[in-house]
Amino acid sequence: MWQGPVDTLTYSGLRAVELAEDPRGEIVGKLLADQGADVIKVEPVGGSKGRHVGPWVRGHEGDPDFSLNFWTYNTSKRSVVVNTTTAEGRAERDDLIASADVLITSDTPDDLAASDIDLQELIDRHRHLIAVSVSPYGLTGPWANRRSSDLVALATGGILMSCGYDDHSIPPIRPGGNQAMQIAASFGHTGLLLALLERQTTGLGQIVDVSMHEAIAVSGELANPYWFYPRVLLQRQTCRHAQPTPTSPALFECADGVQVYFALILSDIKTWGILVDWLDTLGMALDLADDDYLELSHRQENFPYIQTLLESFFLMQDSGDVYTEAQRRGLPLGPISAPEDLVGDPHLEARGYFVDVPIDGETVKFPGSPFTFSYGTGGPGAPPKLGSDTEEVLAQTDSSATATVAGAGIGVMS
C-alpha cells in the first residue's frame with residue numbers, strides 16, 4: 001500500500017512483487033532489493049526457472065538453493081512460493097500485488113493472460129501501483145508474443161552485426177554477460193525511477209512498458225546515425241568500434257603474453273607527440289620524430305611502418321608496466337583482463353566493489369552495487385532459499401488486508 005513519497009535512491013519503504021523468471025526482469029528487482037526495497041519474489045512450486053540453471057556451488061549440483069545463476073540475479077530478495085494453478089494461490093498472489101508499490105513482470109501478453117494477469121486492470125484497481133513490464137518485444141505490436149533470448153535480442157536488435165572480427169567470413173560474435181537482458185533491465189529501472197517521481201506528485205501509478213527489442217535497437221552506437229543519414233553500413237572489426245571502413249588494429253601483445261588495447265588516433269597531434277617521446281625512452285622512436293611526421297597525411301601513408309614499431313615496442317615490456325606508464329603519460333591504454341582477473345583488481349578492491357555475503361555460515365564474494373552514494377550505499381544480501389519467506393510474508397499480507405485503512409482516495413490501497 002502506497003503511503004507517501006519513497007526515497008528513490010535507497011528505496012526505503014518500497015515493496016515490489018516480482019513475477020519475473022528471467023534476468024531482464026530479475027535484474028530490475030535486484031537493483032531495488034540491493035538498495036533496501038522489500039522485493040518479494042513469487043515463485044512456483046519447485047522454484048523459478050533460474051534455480052534450475054547451473055553452474056552450481058560445488059557439492060550442491062542440481063540443488064535449487066545453490067544455483068550460481070539464480071544467486072547472481074536475486075540477491076537481497078525474499079522468496080514466496082505460491083501455487084497459482086489453484087484459486088487459493090491466485091488469491092494469495094493478488095493479495096501480494098495489492099500490498100505492493102511495484103509489480104515486475106517479464107512475460108509476453110499471452111503468457112500474462114494465461115497466468116490471469118491483466119496489468120491495465122491491476123493499475124486501474126490499485127491506483128498507486130507501478131507495473132514494470134520488461135518483455136521481449138513490448139506489450140503491443142505485431143511481435144508482442146514472439147519468443148526471444150539474450151542472443152536473439154542482440155541479433156534482431158542490430159547490435160550483433162557490429163560484434164566480431166576483421167575477417168567477415170567468421171560470423172558475428174555474441175558478447176557475453178547477458179548484455180541484452182542487462183540493457184533492457186537498465187531501461188526498466190530508469191523507467192521505474194521516472195514513474196516513482198511522477199507518483200510522488202500525483203499519487204498515481206502506471207504501466208512502464210519496456211521492450212528488450214527497442215532497448216537494443218537504440219543501443220547500436222554509431223550504426224543508427226550512419227545508416228539514417230549517409231546510408232552507410234558499419235563493418236565489424238576485431239576489438240574496435242564498427243566503422244564504415246576498416247581502422248587500424250588496436251591490440252598489441254606484451255612480453256608477458258597479455259594483450260593491451262591502444263587505439264592510435266593519427267589525427268591527434270598531441271597524442272602523437274606523447275607516443276614518440278615514450279618510444280624514444282627505449283630508443284624506438286627512430287625517424288618518427290622527424291618533422292615530416294607532423295603532417296597527418298605523412299603519418300597515414302606510413303602507418304604500416306608505425307604499426308610495426310609499436311608491435312616491437314610493446315613486446316619489449318610487460319603489460320603492467322605498459323599500462324602504468326601509458327596512464328602516467330595520459331594515453332588511453334588498458335590491458336585485456338579476463339573476468340577472473342577482476343577479483344584481484346586493486347582499483348575495485350580499493351573501492352570495496354566486491355562484497356562478502358554470509359550464506360549458510362560462510363562468506364561468498366559477490367559483485368557490489370553499480371552505484372554508490374555520498375551518504376552511504378546498499379549492497380547485495382544473501383539470495384533467498386526457495387520459499388523461505390512464504391509463511392512470514394503471507395501472514396503479513398493477510399494482516400494488512402484485514403486492517404482498517406486510514407483515509408481514502410488516490411494512493412491508498414482500494
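The values are calculated or read from the model by the stated rules, or taken from the named source; none is laboratory data. All values reported here derive from a predicted model rather than from experimental measurement. Note that we place each Cβ from the backbone using ideal geometry, even for glycine, and neighbour counts take in every protein chain shown.
Residues being touching a residue at least 12 places away in the same chain (Cβ under 8 Å), under 28 Å from Thr86 (Cα atoms) and out of contact with any helix residue (DSSP H, G or I) (no Cβ under 6 Å at 6 or more places or on another chain): count how many of those fall in segment 43-70.
Total satisfying the criteria: 9.
Quick one: is Asp107 farther than 19 Å from Gly220 by Cβ, modelled with pLDDT under 95 and in contact with a strand residue (DSSP E or B) (Cβ under 7 Å, 6 or more places away or on another chain)?
no
I'd like the full set of residues that are under 21 Å from Pro109 (Cα atoms) and free of Cβ contacts under 8 Å to residues at least 60 places away in the same chain, limited to segment 187-214.
Phe187, Gly191, listed by residue number.
Check segment 384-404 and report whether any residue there is modelled with pLDDT of 95 or more, in a loop (DSSP other than H, G, I, E, B), within 28 Å of the chain's Cα centre (by Cα) and of a type in the set (Asp, Glu).
yes
Just to be sure I understand, how many residues within segment 278-294 are surrounded by 12 or more Cβ atoms within 10 Å (Cβ to Cβ) and touching a residue at least 24 places away in the same chain (Cβ under 8 Å)?
4
Would you mention how many residues in segment 360-378 are surrounded by 13 or more Cβ atoms within 10 Å (Cβ to Cβ), more than 26 Å from Gly320 (Cβ to Cβ) and out of contact with any Pro (no Cβ under 6 Å at 6 or more places or on another chain)?
Here the count works out to 5.
Tally time: how many residues in segment 157-181 are of a type in the set (Val, Ile, Thr) and out of contact with any Lys or Arg (no Cβ under 9 Å at 6 or more places or on another chain)?
So the count comes out to 2.
Is there a residue in segment 338-345 that is at pLDDT 95 or above and either in contact with an Asp or Glu (Cβ under 8 Å, 6 or more places away or on another chain) or hydrophobic (A, V, I, L, M, F, W, C) (or both)?
So far as segment 338-345 goes, no, none of its residues is at pLDDT 95 or above and either in contact with an Asp or Glu (Cβ under 8 Å, 6 or more places away or on another chain) or hydrophobic (A, V, I, L, M, F, W, C) (or both).
Output the number of the condition that Ser374 fails; it satisfies all remaining conditions of (1) touching a Gly at 6+ places or on another chain (Cβ under 6 Å); (2) in a loop (DSSP other than H, G, I, E, B).
The one condition Ser374 does not meet is (1).
One residue is enough: does segment 109-129 have a residue meeting the conditions closer than 16 Å to Thr390 by Cα, touching a residue at least 24 places away in the same chain (Cβ under 8 Å) and charged (D, E, K, R)?
Looking for residues that are closer than 16 Å to Thr390 by Cα, touching a residue at least 24 places away in the same chain (Cβ under 8 Å) and charged (D, E, K, R), one finds none in segment 109-129, hence no.
Looking at segment 145-159, can you tell me whether even one residue there is part of a helix (DSSP H, G or I), more than 16 Å from the chain's Cα centre (by Cα) and within 28 Å of Thr245 (Cβ to Cβ)?
Within segment 145-159, one or more residues are part of a helix (DSSP H, G or I), more than 16 Å from the chain's Cα centre (by Cα) and within 28 Å of Thr245 (Cβ to Cβ).
Going through Ile123, Ile117 one at a time, which residue ends up being in a helix (DSSP H, G or I) and either within 24 Å of the chain's Cα centre (by Cα) or under 30 Å from Ala91 (Cβ atoms) (or both)?
Exactly one residue qualifies, and that residue is Ile123.
All but one of (1) out of contact with any helix residue (DSSP H, G or I) (no Cβ under 6 Å at 6 or more places or on another chain); (2) touching a residue at least 12 places away in the same chain (Cβ under 8 Å); (3) among the hydrophobic types (A, V, I, L, M, F, W, C) hold for Phe228; state the number of the condition that does not hold.
The single condition Phe228 does not satisfy is (2).
Every residue in segment 45-89 that is over 22 Å from Pro380 (Cβ atoms), in contact with a strand residue (DSSP E or B) (Cβ under 8 Å, 6 or more places away or on another chain) and surrounded by fewer than 16 Cβ atoms within 10 Å (Cβ to Cβ), please.
Val45, Gly62
Within segment 324-359, can you find the residues that are exposed (fewer than 11 other Cβ atoms within 10 Å of the Cβ) and outside any strand (DSSP E or B)?
Result: Arg328, Gly330, Ala338, Pro339, Glu340, Gly344, Pro346, His347, Ala350.
Can you list residue pairs whose Cβ atoms sit under 9 Å apart, with the first residue in segment 90-101 being surrounded by fewer than 19 Cβ atoms within 10 Å (Cβ to Cβ) and the second being at pLDDT below 95 and acidic (Asp, Glu)? Count only pairs 6 or more apart in sequence or on different chains.
Every condition considered, the pairs that remain are Asp95/Asp398.
Listed residues Pro64, Pro44; which is touching a Phe, Trp or Tyr at 6+ places or on another chain (Cβ under 9 Å) and in the same structural domain as Thr390 (by TED's automatic domain parsing)?
None of the other options fit; the residue is Pro64.
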